[in-house]
1. Taking the alpha carbon gyration tensor of the range 92-148, what are the square roots of 5 times its eigenvalues, largest first, to the nearest whole Å?
2. Compute the long axis of helix 276-306 from its Cα atoms, compare it with the longest principal axis of the Cα atoms of the chain, and write down the angle in degrees, 0 to 90, nearest 10.
3. How far apart, in nanometres, would the label points at residue 266 and residue 365 be if each is projected 7 angstrom from Cα along the Cα-to-Cβ direction?
4. Using the Cα centre as the reference, give the magnitude of the dipole from point charges on the C-beta atoms of the range 110-222 (Lys, Arg: +1; Asp, Glu: -1; all else neutral), rounded to the nearest 20 debye.
5. Cα-Cα pairs above 27 Å in the chain: how many percent?
6. Show that you can apply the helix-only estimate: for the chain, add -39,500 (n - 2.57) for every DSSP H stretch of four or more residues, divide by all residues, and state [θ] at 222 nm to the nearest 500.
7. What is the sum of charges, Lys and Arg at +1 and Asp and Glu at -1, for the other residues whose Cβ falls under 14 Å from the Cβ of residue 90?
8. In straight Cα distance, which lysines are under 26 Å from residue 302, not counting same-chain residues fewer than 8 positions off?
Amino acid sequence: MEAHVYPAEHLYAQQLAEGDRYRTPPIMQQLKARARAEGLWNLFLPGCEGAGLSNAEYAPLAEEMGRVLWASEVFNCSAPDTGNMEILSLYGTPEQKAQWLQPLLAGEIRSAFSMTEPQVASSDATNIQCQIRRDGDHYVINGRKWFTSGAMNADCQLLIVMGKTDPDNPDRYRQQSMLLVPRDTPGVTIVRDLHAFGYDHAPVGHPEVLYENVRVPADNMLLGEGRGFEIAQGRLGPGRIHHCMRLVGCAQRALEMLCRRADDRVAFGQRLSEQGAVREDIADAFCEIQQARLLTLEAARKMDAEGNKAARDLIAAAKIVVPAMACRVIDRAIQVHGAAGVCQDTFLPEAYVYARYIRIGDGPDQVHRASLARQLLRRYSA
């Protein structure tokens, strides 16, 4: 990170601005080749397909990557590919793995996850209305999705689409399925890219996608009909904790910038660092980051020791605590930076947008609070 990634931040932004915004800048490809050559590759994925690290071992590495918003891709550890690789690793057939997982593991292609819909409250995944209908040896998809992160990228070749195959099933959690859809399948239309607080997040993007009579072979079904909700839960748990790991890194970098700026700037005859209110902000930020880091590490440890399902309570707690913490810490750093804190001269504005978005992405705070409360009530009530 210190020798190669931080020095490339300006060049990455320059190449992105001057070239095709949805094509990965050349410097990224150079960094990826170097990282892979040094074995710093697929660090998030345990077992023979990844680096063999535990969640607890991966956490401090993800925190370091999180200090630069695009750095996780250097090590082939970026969302949404990480979650999609986990899906294929856990649930894919040998043929699906050969066609899609191996190129993703090699960093040769990118992918997208198509779940959220504009017409329904997707915080409740059982609301999803996208239709998946069996037609002989194929499935036909009709529906509209948005915030399909990754689908704008020029290297995106795979969409994992969640829809309903059995909308009348009395078990609301067995109505959904997931299909592997090649990006260039006829009927797949990118309607528009969606900007989060004004950022298009190129070269990844979060587009609205229209599926009109999209036909894919029946062999593209993941795990089986009615297993989509199950797959989604298996995917989102690790994804949530990975976001928390990266956000701790964002917040830590923001705190360091806050301290340097406060000690450098003079207002009303004294350094900002001598102002009591600024010192309180610095101390509070340090405490909040430490608490969030320890919670994230404990969630990772429990995932390793007892499995993802058993760690749902701590994953939910981290997902509630960490993005909100990062928002507060980054906001304090923005305030001390003044006008510089809201322009492109620092990473702070985009880091704030990332933190704020993750309070919604992968499930809003309210859903995680409700889920955590249910777990605790079952555990402790009479």
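Here, each number is a calculation from the coordinates, and none is a lab measurement. Quantities reported herein were computed from a predicted structural model and do not represent experimental measurements. For neighbour counting, all protein chains shown are included, and Cβ atoms are generated from backbone atoms with ideal geometry for every residue, glycine included.
1. On the way: eigenvalues 132, 62, 17 Å².
After scaling each eigenvalue by five and taking roots: 26, 18, 9 Å.
2. 30
3. The answer from the label model is 4.0 nm.
4. Working: 11 positive and 14 negative charges, 11 e Å.
That gives the range 110-222 a dipole magnitude of about 60 debye.
5. Numbers: 36421 of 72771 pairs.
Cα-Cα pairs of the chain separated by over 27 Å account for 50 percent.
6. Working: 11 runs with 173 residues, N = 382.
That comes out to -15000 deg cm²/dmol.
7. Details: positive: 97, 227, 235, 309; negative: 49, 86, 230.
Taking every Cβ under 14 Å from that of residue 90, the sum is +1.
8. Answer for residue 302, where 26 Å is the Cα cut-off: 319, listed by chain and number.
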